[in-house]
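Have a look at the structure below before the remarks.
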Amino acid sequence: MRIWPIFKKEMRLYFTSPIAWVILTIFTLITGYFFYSIFAFFTLASMQSMMNPAMGRELNVTDSVLRPLFSNISVILLLLMPLVTMRLFAEERRSGTIELLLTYPVRDGAVLIGKYLAALAVYGVMLAATLVYPALVLYFARVEWGVLLTGYLGLLLMGATFLAVGVFASSLTENQIVASITTFGVLLIFWVIGWSADYVGGVVGRVLTHVSLLEHFDSFAKGVLDTKDVVYYLDFTIIALFLTLRSLEARRWKG
């Protein structure tokens, strides 16, 4: 398994081109804007609560700042993750280097894992950049560490799932835009699919709720670590990577 050379090559491509830097900059600016807005509103509400003690009893920095921040970050990921993965296989197919890569004495699985881990590493850098926000909150107030940890675990698992879907979409086409739109479309379907569960009801409604990406993230944002939510994201990721592997193998057999 020659994963490391593939990983290094992808990381070099990410950071020697504008892709990673542009995505990191946009992600940091948008999350920073959301954090500033949420924290400024919380500060204003805190000042008003000094004149209304009853209002102050309901104020909590975890509920008022961290949970909305996690929810907003998850929405940003829905938009930006397709940009992280769109190049991985689509560009190789467009330039014709995918055939060359698949003829190397390296397994398809190693190629897949190397590229996926590189995308995951870029995402890790993006998440790490947001740690400054809870650090600022900690400077001014006490936070619930359980919510903080489960929130970031949820973001990590959700992002890993998004990346796996993006890698699969990228393996299907040689057009990066098509790969990006396909990824966004698939993720959006699984994002909103739970919204109709209440209207449908019954077994179908429960199934729609279960497959919803959003429903499983809510628990993490509330500080609840449920095994079924972890398993859901892991299963989703494994299935997407498995389909990517089948796609690569089909490409190899077609020559």
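The values are calculated or read from the model by the stated rules, or taken from the named source; none is laboratory data. Please read these numbers as outputs of a predicted model, since none were measured by experiment. With ideal geometry, Cβ positions are generated from the backbone for all residues, glycine too; neighbour counts draw on all protein chains shown. Quick note on the areas: whole protein, heavy atoms, side chains included, nothing else; ligands and nucleic acids left out. Shrake-Rupley method; radii C 1.70, N 1.55, O 1.52, S 1.80 Å.
Residues that are over 20 Å from M86 (Cα atoms) and not aliphatic (A, V, I, L, M): find the helices (runs of 4 or more DSSP H) completely inside the stretch 152-255 holding 3 or more of those. So that I can check it myself, show each step before the final result.
Details: elements: 176-192, 197-200, 202-211, 213-221, 227-254.
Because the criterion is at least 3 residues that are over 20 Å from M86 (Cα atoms) and not aliphatic (A, V, I, L, M), the helices (runs of 4 or more DSSP H) in the stretch 152-255 that meet it are 202-211, 213-221, 227-254.
Looking across the stretch 142-151, the residues that are in contact (Cβ under 8 Å) with a residue 40 or more places away in the chain and part of a helix (DSSP H, G or I) come down to G146, V147, L148, T150, G151. Taking every residue in the stretch 1-24 that is among the polar types (S, T, N, Q) and pairing it with any residue that is surrounded by 16 or more Cβ atoms within 10 Å (Cβ to Cβ), at least 6 positions away or on another chain, the pairs with Cβ-Cβ distances below 9 Å are S17/R87. Is it the case, given these coordinates, that R251 is more than 18 Å from A118 (Cα to Cα), open to solvent by 80 Å² or more (accessible area, probe 1.4 Å), among the basic types (K, R) and more than 18 Å from the chain's Cα centre (by Cα)? No; evaluated as a whole, the condition is false for this residue.
Here's the yes/no breakdown for (1) of a type in the set (A, V, I, L, M, F, W, C); (2) touching a residue at least 12 places away in the same chain (Cβ under 8 Å):
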position	(1), (2)
A197	yes, yes
V207	yes, no
V211	yes, yes
H216	no, yes
L225	yes, yes
A240	yes, yes
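Tell me which residues, restricted to the stretch 1-46, are among the basic types (K, R) and either in contact with a Pro (Cβ under 7 Å, 6 or more places away or on another chain) or assigned to a helix (DSSP H, G or I) (or both).
K8, K9, R12
Let's see how each residue does on (1) out of contact with any helix residue (DSSP H, G or I) (no Cβ under 7 Å at 6 or more places or on another chain); (2) open to solvent by 30 Å² or more (accessible area, probe 1.4 Å):
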site: G166; (1), (2): no, no
site: A169; (1), (2): no, no
site: A179; (1), (2): no, no
site: V192; (1), (2): yes, yes
site: W195; (1), (2): yes, yes
site: G201; (1), (2): yes, no
site: F217; (1), (2): no, no
site: I238; (1), (2): yes, yes
site: L241; (1), (2): no, yes
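For the stretch 219-241, the criterion of being among the aromatic types (F, W, Y) and over 19 Å from the mean Cα position of the chain (by Cα) is satisfied by no residue at all.
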